[in-house]
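The values are calculated or read from the model by the stated rules, or taken from the named source; none is laboratory data. These numbers come from a predicted model, not from an experiment. We place every Cβ from the backbone using ideal geometry, glycine too, and count neighbours over all the protein chains shown. Calculation scope for accessible area: heavy atoms of the full protein, side chains included, ligands and nucleic acids excluded. Shrake-Rupley method; radii C 1.70, N 1.55, O 1.52, S 1.80 Å.
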Amino acid sequence: MLNRHIVLAANPVGWPKLSDFETKTAQFDLQTAGNDPDHVLVLETLYISMDPYMRGRMRPGVPPPRPTLYSPFELNKTIEGYGVSRVLKSKFPEKYPPGSFVTSISTAWADYQILRQDELTLLEETRMIVSIPADEEEKLHIPLSHYVGPLGSPGVTGYVGFFKFGQPQPGETIFVSGAAGAVGQSVCLLAKRAGLRVVGSAGSDDKVRFLKEKIKIDAAFNYKKPVGGSLDTALAQLCPSGIDIYFDNVGGETLDAAIAHANENARFPLCGRISQINTAEADQYQLKNEDVARAKSISLSPFGVSADRPKLLDSIYGVVKPQITAGEWREFKEDVRVGLDAAPSYFIEMMRGSNFGKSIIEVKNPKAESVISKL
Ligand SMILES: NC(=O)c1ccc[n+]([C@@H]2O[C@H](COP(=O)([O-])OP(=O)(O)OC[C@H]3O[C@@H](n4cnc5c(N)ncnc54)[C@H](OP(=O)(O)O)[C@@H]3O)[C@@H](O)[C@H]2O)c1
């Protein structure tokens with residue numbers, strides 16, 4: 001049978017273009033796949049996640065001697081990222097039984113994939129692969145796609161950023177940028193549950209309406225046409241007691257505006273700077289209010305979750321999974337597009353804000369008949 005796979009054809013300059021990607025097709029022999037002694041898992045891709053960090057891996061770079069999970073993508077090699085797959089064949093059936101699922105950061109932008117022992121070892125050491133029982137959705141009512149949303153990188157990032165670096169107290173005001181996105185929604189839902197006043201910004205009126213009506217945050221504005229005509233006036237009006245926590249998903253001038261409206265000893269988990277990610281370094285926005293941040297003793301905390309992930313994953317799952325089962329995350333919005341071929345255009349569109357919720361490509365519907373029945 002045929003295996004489609006998408007490779008990085010060229011390193012993007014500025015905004016990625018469709019010509020930076022190429023879809024290739026190769027024969028895939030399901031019967032012999034995994035026979036090589038070094039091949040440990042044969043996987044069928046179900047979902048792939050469109051994540052802004054992947055833009056960083058598309059920059060030119062020399063692959064390190066021992067590749068890491070964040071190494072630059074090699075040209076003409078299959079792109080990999082977060083995703084969910086079905087296990088077709090396994091050399092470790094107790095841990096990864098055929099018919100069960102895995103979520104990992106090395107999910108190929110392909111129909112099928114074979115994992116080698118060294119790749120699996122690296123994923124297990126960093127807990128970047130998680131086994132999901134075949135009956136998880138049926139038993140716990142957790143959609144598999146949530147493993148790239150509330151239970152995936154966005155959820156874990158939101159959780160660590162909010163609780164560890166935000167140090168929230170009930171009654172405080174948190175401002176969340178990129179609030180309608182995957183990380184942003186997670187933070188808004190956690191912050192409302194923790195009893196904070198939540199103010200969010202997003203890039204369209206529909207997203208602002210969704211945040212107020214579905215996620216039920218206290219106030220939201222469209223940063224492209226802010227209340228009162230500027231970020232300053234919007235924040236002054238919507239955060240009358242000042243900002244105690246700013247969860248920064250976008251960087252740039254929004255970070256400067258949040259510093260100007262922050263209270264003393266405010267905490268700023270700096271999660272990402274998507275507003276600058278496609279801009280050449282020399283042209284990137286330079287922070288102007290650093291001295292103001294110093295005068296107010298604001299904790300500016302750029303953070304990543306990979307170091308925390310192995311030890312925190314169980315506790316995060318322990319809190320968030322029961323909440324999902326209880327329906328408390330039902331308003332978390334996913335924006336699922338169907339078909340592997342749509343991945344390059346959706347990745348580009350996601351960074352321009354056309355996604356409305358967690359951006360996911362459904363390569364294969366988990367409920368559709370699987371090739372596993374042919375084994
Ligand atoms: N620290 C970590 O370990 C970690 C892990 C995961 C993600 N992140 C970061 O978290 C942020 C959100 O990621 P996500 O996965 O949740 O993606 P997302 O928010 O679901 O999707 C990206 C969104 O960014 C917004 N955006 C694009 N250009 C913008 C601009 N110039 N100014 C403001 N917003 C802009 C768009 O929404 P609008 O319509 O609202 O503009 C777009 O929908 C990113 O910065 C990402 O790099 C960090």
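The residues of the stretch 32-90 present an accessible area of 42 Å² per residue when probed at 1.4 Å with all protein chains retained. The distance separating the Cα centre of the stretch 254-289 from that of the stretch 167-242 comes to 16 Å. Summary value for the chain: 17 percent relative contact order, contacts being C-alpha pairs under 8 angstrom separated by 6+ residues. Taking the DSSP bridge list for the chain and keeping only pairs wholly inside it, about 60 percent are antiparallel.
In debye to the nearest 20, how big a dipole does the chain give about its Cα centre with +1 on each Lys and Arg Cβ and -1 on each Asp and Glu Cβ? Spell out each step's value before the answer.
Values: 42 positive and 44 negative charges, 81 e Å.
The calculation lands at about 380 debye.
The Cα-based radius of gyration and maximum Cα-Cα distance (Dmax) for the chain are 21.1, 66 Å.
Provide the per residue accessible area, probe 1.4 Å, for the stretch 320-366, rounded to a whole number of square angstrom.
On the way: 1840 Å² over 47 residues.
So the stretch 320-366 comes to 39 Å² accessible per residue, rounded to a whole number.
Taking a quarter of the surface of the convex hull around the Cα atoms of the stretch 154-302, what do you get in nm²?
8.1
Calculated [222 nm] ellipticity per residue, helices only, for the chain: -7000 deg cm²/dmol; basis is -39500 (n - 2.57) per DSSP H run with n ≥ 4, divided by all residues, nearest 500. Rounded to the nearest 20, the Cβ-based charge dipole of the stretch 1-156 about its Cα centre (Lys and Arg +1, Asp and Glu -1) stands at 440 debye.
Taking the protein heavy atoms of the chain in the context of the full set of protein chains, the accessible area attributed to carbon and sulfur is 53 percent at 1.4 Å.
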